[in-house]
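Below is one structure, written out as structure tokens, with a few remarks after it.
The values are calculated or read from the model by the stated rules, or taken from the named source; none is laboratory data. Since we're looking at a predicted model, the values are computed, not measured. FYI the Cβ positions are ideal-geometry reconstructions off the backbone, even for glycines, and counts take in every protein chain you see. Surface accessibility is based on the protein's heavy atoms, side chains included, excluding ligands, DNA and RNA. Shrake-Rupley method; radii C 1.70, N 1.55, O 1.52, S 1.80 Å.
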Amino acid sequence: MDEIAPTTIEEASGTLRSLSSDSVPVRFLGGGTKSHWGGAAPEPDVVVRTTSLAGVVEHNAGDLTAVVLAGTPLIDAQKAFGAAGQMLAIDPPESTRATIGGAIATADSGPMRYRYGAPRDLVLGITAVMSDGAVARSGGKVIKNVAGYDLGKLFCGAWGTLGMIARVALRLHPRPPAMVTAVGRSEDPFAIQAAAGELAHGGLEPMAIDVAWSGGVGRVLARFGGAAAGGQARRAADVLSAVRTDVDIVDADEELWSRQRAGQRSETGVVVRLSVLPTEIAEVLRCADAAAGSVAGRAVGLVWVTLPPAAPLDAVAAVEELRSALAPRVCTVLDAPIEVRAKLDVWGAELDGRMDLMRRLKQQFDPAGICNPGIFMGGI
Amino acid sequence: MKDRFLEELRRICGRANVLTNPHQLETYASDGLLHYRVRPPAAVLPGTADEVRRIVRACFLESVPWVARGSGTGLSGGALPIEDGLLIVLSRLRHILEIDLPNQRIVVEPGVTNLEISAAVGPTHFYPPDPSSQVVCSIGGNVAENSGGAHCFKYGFTTNYVTGLEIVLADGEVVTLGGKELDLPGYDLLGAFVGSEGTLGIATRITLRVAPVPESWRTLVAYFDSADRAGQTVSDIVAAGIVPGAMEMMDRLAIRACEEATHAGYPLDTAVALIVELDGPAPECDERFDQVVALCRRNEATGVRVAADEAERQLIWKARKAAFASMGRVSKSYYVQDSVIPRTRLPDVLRRIDELSESYGLSVANVFHAGDGNLHPLVCYDPTVPGEAEKAERLAGEILEASVDAGGSITGEHGVGFDKKRYMPLMFGDDDLGAFQRLRCAFDPQQLVNPGKVMPTPRLCGEVPGPYREHPIERAGLAERF
């Protein structure tokens with residue numbers, strides 16, 4: 001397998017143009033931290049690494065925007081923005097290697113998804129290289145802009161199947177100088193759901209509300225970072241007490257949230273990602289508990305269930321059981337041992353009317369069919 | 001338009017809902033941008049989503065192009081009819097289908113107005129994107145245009161609130177994108193559809209996220225003797241990590257017009273007025289509001305008026321919201337521009353607008369969403385003076401160039417539509433436009449849906465996207481591209 005690491009966008013364009021004219025399938029990789037995700041696909045002939053396309057091209061602190069090359073490690077970009085008291089509100093589990101391009105391509109997110117949105121909500125503009133070598137830009141670098149189609153959103157979560165993300169313009173946010181978290185605990189999944197709901201409907205404006213479940217105990221975490229963070233956390237604690245959870249206020253809360261993010265990954269178990277409604281969270285907690293699993297996720301209904309390590313067939317059966325219990329909600333398998341992945345459809349989605357449209361898009365953007373073939377939903 | 005086709009439309013939605021009388025059709029010849037007028041050969045007013053599907057299918061079978069229209073308040077000619085196409089008017093689809101407050105969702109038909117949505121989920125919740133036309137504009141139009149409003153800097157745009165759509169594609173197929181849940185796997189077709197200016201299909205069922213109403217508001221208007229000082233204040237507020245619910249600026253001419261219309265008490269001798277509104281938890285608002293007042297004073301505000309109560313807050317806003325409507329008091333006619341610049345370039349771009357105003361001999365009033373750098377210069381002109389309307393349009397075009405030069409955009413919320421498609425090449429090259437075309441062709445290979453909008457030059461699907469080639473007619477000097 002050949003590996004190519006273009007150092008400029010022009011180089012990437014030339015590489016893809018020549019590969020597509022020979023119909024050579026490629027796999028795009030950044031840091032490779034999520035390269036095992038996606039559907040089972042044959043080994044590609046060529047890997048195109050984005051890690052040499054790295055660096056913060058512009059950081060317009062006064063405008064709260066930045067332009068960044070796709071191969072930039074997320075952690076490096078955050079350091080640069082942090083120096084100006086700012087942050088990119090994309091906070092998947094920590095990794096030194098994970099790149100901005102990879103996080104955006106897989107629409108990966110963390111606790112800040114609650115308040116600031118998904119990667120698609122923070123990408124202002126995108127430069128992508130299509131399989132025929134065309135370098136296409138859409139959007140811009142201002143926070144408000146409706147000129148042209150929003151291709152940035154299309155590339156967020158497309159897993160590199162429409163082309164290679166080369167450069168993105170991003171919206172940044174002020175980084176709160178101090179953060180405080182109120183935590184409520186209960187063994188009753190419905191109390192956890194109710195607590196999360198109360199906080200979400202109150203006027204407290206937390207920067208994150210998360211839920212967690214493990215070993216028969218659930219938690220709700222509400223994080224505040226404003227000018228009156230401490231007072232807000234105390235008000236949240238009152239709300240949590242009122243719905244009969246045991247309450248704590250944590251001042252040095254970084255470790256707490258780091259663990260929460262880590263709950264979205266597993267080296268030995270099976271991680272399933274779900275999009276549900278806030279009023280369905282208790283049901284997810286109950287199902288996970290029945291499978292001796294754990295849960296980390298957002299009060300807005302994005303949850304990651306980790307099923308414990310098991311023999312491949314048992315693990316597959318556990319995924320299928322979860323899927324049937326929570327149907328029609330879609331359970332996407334992310335981390336899982338290779339033997340498990342080989343035995344199930346990781347996407348697990350109904351191939352509804354959208355599928356035709358998705359195939360037509362793929363055909364338009366990647367007529368040669370060389371960009372990350374086979375890893376996406378429906379075998380795209 | 002063939003009789004057979006019109007008969008089919010009448011069978012689908014009833015005789016009374018198919019308009020072919022030229023007098024009736026005059027009403028639909030323009031959207032909110034009145035200087036373009038095209039009377040369509042027919043307009044149809046379906047009453048249900050299924051009727052929409054059957055109409056679109058009939059158009060597909062007869063290869064009839066069509067344009068969808070909501071309330072017709074758009075300001076870029078996006079709903080401008082076409083001479084040989086059908087106009088599909090969605091204002092009869094105005095049912096609120098479901099309100100699900102525990103999950104902060106509402107499901108509506110496209111003809112429901114923006115304000116009706118906030119009313120339906122109130123008083124505990126609201127729908128944040130609030131274009132000035134919110135009393136009449138339809139949510140279907142908001143989805144098409146990715147509408148904004150005064151509160152975007154904190155709350156975001158339509159695209160951040162649409163979680164699900166049922167759409168009718170060009171061939172009459174109905175597809176559901178997203179749902180009530182967030183971040184579903186698969187291509188983000190929702191993200192591609194919202195803001196596509198009615199060129200990819202018709203949304204017949206719209207699921208939206210709504211937000212809890214803020215606990216409190218604090219509002220002030222500060223006056224400055226220069227745009228630089230006001231601009232610096234905005235930058236300082238943002239640099240302090242404060243995210244106001246709204247920050248709005250008006251210059252002297254705009255203030256004069258608004259003041260004559262509303263008597264809100266803005267001083268007429270001030271160069272710039274800056275409205276800052278904080279919303280959120282009360283302790284947070286109080287703490288931050290004191291900081292905002294201090295920053296206004298540090299930048300030598302000539303006066304700071306703090307709204308003492310809700311009535312005064314409404315009065316301050318009344319003047320701002322009247323800006324477009326009250327321009328008639330200072331000018332016979334005006335052209336509203338909509339561009340975006342990086343906020344930090346505000347003083348430079350305002351100086352450039354002043355220069356342009358002087359060299360064209362036309363006054364320009366400035367109203368803008370200062371938080372997100374969205375400018376709305378109002379170019380004043382007298383339509384009875386021959387050539388002045390064209391001059392105003394040229395001046396407005398130069399403002400776009402200045403905005404793009406500063407790193408901005410040709411439109412922040414009004415859309416490209418028909419009016420601005422010729423400016424698209426200021427921002428996008430051939431490969432970029434080629435990628436847009438790929439998206440359009442995936443949705444509508446026959447290009448029956450709102451043709452002639454957004455893209456600067458028509459291109460067929462299947463045509464190889466590539467560098468622009470001169471047409472033989474251009475080469476012969478018989479026509480030119482603009």
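Checked against the criterion of being over 22 Å from residue A:145 (Cβ atoms), away from every other protein chain (no Cβ under 14 Å), in contact with a strand residue (DSSP E or B) (Cβ under 9 Å, 6 or more places away or on another chain) and open to solvent by less than 10 Å² (accessible area, probe 1.4 Å), region B:366-374 has no qualifying residue.
When every residue of region A:349-363 is checked against the conditions, none turns out to be more than 30 Å from residue A:133 (Cα to Cα), of a type in the set (S, T, N, Q) and at pLDDT 95 or above.
Please find, among A:125, A:85, A:102, A:110, the residue that is facing chain B (nearest Cβ under 10 Å) and either touching a Ser or Thr at 6+ places or on another chain (Cβ under 8 Å) or open to solvent by less than 30 Å² (accessible area, probe 1.4 Å) (or both).
Numbers: A:85 fails: either touching a Ser or Thr at 6+ places or on another chain (Cβ under 8 Å) or open to solvent by less than 30 Å² (accessible area, probe 1.4 Å) (or both); A:102 fails: facing chain B (nearest Cβ under 10 Å); A:110 fails: facing chain B (nearest Cβ under 10 Å).
Going through A:125, A:85, A:102, A:110 in turn, just one is facing chain B (nearest Cβ under 10 Å) and either touching a Ser or Thr at 6+ places or on another chain (Cβ under 8 Å) or open to solvent by less than 30 Å² (accessible area, probe 1.4 Å) (or both): A:125.
Residues that are among the polar types (S, T, N, Q) and under 16 Å from residue A:169 (Cβ atoms) within region A:100-130 comprise just one, A:127.
Of the helices (runs of 4 or more DSSP H) that lie entirely inside region B:189-282, those containing 1 or more residues that are within 16 Å of residue B:152 (Cα to Cα) span B:227-239. Identify all residues within region B:44-61 that are closer than 26 Å to residue B:456 by Cα and in contact with a helix residue (DSSP H, G or I) (Cβ under 9 Å, 6 or more places away or on another chain); write none if there are none. Listed by number, the list holds a single entry, B:59.
Got a number for residues in region B:135-159 being in a loop (DSSP other than H, G, I, E, B), farther than 12 Å from residue B:72 by Cα and touching a helix residue (DSSP H, G or I) at 6+ places or on another chain (Cβ under 6 Å)?
Within region B:135-159, the first condition is being in a loop (DSSP other than H, G, I, E, B), and the residues that meet it are B:135-137, B:146-151, B:156-157.
Among the residues that remain, those that are also farther than 12 Å from residue B:72 by Cα are: B:135, B:146-151, B:156-157.
Going one step further and asking which of them are touching a helix residue (DSSP H, G or I) at 6+ places or on another chain (Cβ under 6 Å), we end up with B:135, B:146-147.
Looking only at that region, the number is 3.
May I ask you to verify whether residue B:431 is among the charged types (D, E, K, R) and either open to solvent by 10 Å² or more (accessible area, probe 1.4 Å) or at the interface with chain A (Cβ under 9 Å from one of its Cβ atoms) (or both)? For residue B:431, the condition - among the charged types (D, E, K, R) and either open to solvent by 10 Å² or more (accessible area, probe 1.4 Å) or at the interface with chain A (Cβ under 9 Å from one of its Cβ atoms) (or both) - is met.
Residues in region A:336-380 that are assigned to a helix (DSSP H, G or I), open to solvent by 70 Å² or more (accessible area, probe 1.4 Å) and more than 30 Å from residue A:267 (Cα to Cα): A:356, A:359, A:360, A:363.
Only one of (1) modelled with pLDDT of 95 or more; (2) surrounded by fewer than 21 Cβ atoms within 10 Å (Cβ to Cβ) fails for residue B:32. Which number is that? Result: residue B:32 fails condition (1) only. Within region B:315-343, if we keep just the residues that are open to solvent by 60 Å² or more (accessible area, probe 1.4 Å) and more than 23 Å from the chain's Cα centre (by Cα), the residue that is farthest from residue B:253 (Cα to Cα) turns out to be B:332.
Every residue, every condition in (1) open to solvent by less than 50 Å² (accessible area, probe 1.4 Å); (2) among the hydroxyl-bearing types (Ser, Thr, Tyr); (3) over 22 Å from residue A:147 (Cα atoms); (4) touching a Gly at 6+ places or on another chain (Cβ under 8 Å), yes or no:
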{"position": "B:2", "(1), (2), (3), (4)": "no, no, yes, no"}
{"position": "B:13", "(1), (2), (3), (4)": "yes, no, yes, yes"}
{"position": "B:52", "(1), (2), (3), (4)": "yes, no, yes, no"}
{"position": "B:62", "(1), (2), (3), (4)": "no, no, yes, no"}
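Counted as qualifying within region B:338-448 are the helices (runs of 4 or more DSSP H) with 1 or more residues that are modelled with pLDDT under 95, namely B:346-360, B:388-405.
Against the definition (of a type in the set (Gly, Ala, Ser), open to solvent by 10 Å² or more (accessible area, probe 1.4 Å), touching a residue at least 12 places away in the same chain (Cβ under 8 Å) and not assigned by TED's automatic domain parsing to the domain that holds residue B:368), how does residue B:111 come out, yes or no? Before you say what the answer is, go through the steps one by one.
Values: of a type in the set (Gly, Ala, Ser): yes; open to solvent by 10 Å² or more (accessible area, probe 1.4 Å): no; touching a residue at least 12 places away in the same chain (Cβ under 8 Å): yes; not assigned by TED's automatic domain parsing to the domain that holds residue B:368: yes.
No, not satisfied.
Take the residues in region B:148-162 that are polar (S, T, N, Q) and open to solvent by less than 10 Å² (accessible area, probe 1.4 Å), then tell me which one is nearest to residue B:211 (Cα to Cα). The qualifying residue nearest to residue B:211 (Cα to Cα) is B:158. The residue of region B:270-301 that is most open to solvent (accessible area, probe 1.4 Å), among those that are under 25 Å from residue B:211 (Cβ atoms) and among the acidic types (Asp, Glu), is B:287.
With a cut-off of at least 2 residues that are crowded, with 21+ Cβ neighbours inside 10 Å and within 14 Å of chain B (Cβ to nearest Cβ), name the strands (runs of 3 or more DSSP E) lying wholly within region A:226-322. Steps first, answer last, please.
Details: elements: A:246-250, A:270-275, A:294-298, A:302-307.
Strands (runs of 3 or more DSSP E) meeting the threshold: A:270-275, A:294-298, A:302-307.
In the condition set (1) more than 30 Å from residue B:339 (Cα to Cα); (2) out of contact with any helix residue (DSSP H, G or I) (no Cβ under 6 Å at 6 or more places or on another chain), residue A:132 is compliant with all but (2).
Which one of B:388, B:401 is crowded, with 18+ Cβ neighbours inside 10 Å, over 28 Å from residue B:130 (Cβ atoms) and either more than 9 Å from every other protein chain (Cβ to nearest Cβ) or not charged (D, E, K, R) (or both)?
B:388 is the lone residue from the list that is crowded, with 18+ Cβ neighbours inside 10 Å, over 28 Å from residue B:130 (Cβ atoms) and either more than 9 Å from every other protein chain (Cβ to nearest Cβ) or not charged (D, E, K, R) (or both).
Is at least one residue of region A:177-195 at pLDDT below 95, within 12 Å of chain B (Cβ to nearest Cβ) and either open to solvent by 10 Å² or more (accessible area, probe 1.4 Å) or at positive phi (or both)? Within region A:177-195 (the criterion being at pLDDT below 95, within 12 Å of chain B (Cβ to nearest Cβ) and either open to solvent by 10 Å² or more (accessible area, probe 1.4 Å) or at positive phi (or both)), the answer is yes, since at least one residue qualifies.
Going by the conditions given, is residue B:215 acidic (Asp, Glu), in contact (Cβ under 8 Å) with a residue 60 or more places away in the chain and closer than 21 Å to residue A:123 by Cβ? Explain how you work it out, then say what you get.
Values: acidic (Asp, Glu): yes; in contact (Cβ under 8 Å) with a residue 60 or more places away in the chain: yes; closer than 21 Å to residue A:123 by Cβ: no.
In short, no.
Yes/no per residue for (1) farther than 23 Å from residue A:198 by Cα; (2) open to solvent by less than 20 Å² (accessible area, probe 1.4 Å); (3) more than 11 Å from chain A (Cβ to nearest Cβ):
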| site | (1), (2), (3) |
| --- | --- |
| B:107 | no, yes, yes |
| B:166 | yes, no, no |
| B:171 | yes, no, no |
| B:181 | no, no, no |
| B:192 | yes, yes, no |
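Among the residues of region B:217-269, the one identified as hydroxyl-bearing (Ser, Thr, Tyr), under 18 Å from residue B:378 (Cβ atoms) and buried (at least 21 other Cβ atoms within 10 Å of the Cβ) is B:266.
Consider residue B:40 carefully, then state whether it is touching a residue at least 24 places away in the same chain (Cβ under 8 Å) and either on the phi < 0 side of the Ramachandran plot or in the same structural domain as residue B:142 (by TED's automatic domain parsing) (or both). It is true that residue B:40 is touching a residue at least 24 places away in the same chain (Cβ under 8 Å) and either on the phi < 0 side of the Ramachandran plot or in the same structural domain as residue B:142 (by TED's automatic domain parsing) (or both). Listed conditions (1) open to solvent by 10 Å² or more (accessible area, probe 1.4 Å); (2) away from chain A (no Cβ under 13 Å) are all met by residue B:423, apart from (2).
Can you pull out the residues in region B:197-235 that are out of contact with any helix residue (DSSP H, G or I) (no Cβ under 7 Å at 6 or more places or on another chain) and at the interface with chain A (Cβ under 8 Å from one of its Cβ atoms)? Within region B:197-235, B:213, B:214 qualify. With respect to (1) assigned by TED's automatic domain parsing to the domain that holds residue B:102; (2) among the hydrophobic types (A, V, I, L, M, F, W, C); (3) within 22 Å of residue A:143 (Cα to Cα), the lone exception for residue B:174 is condition (3).
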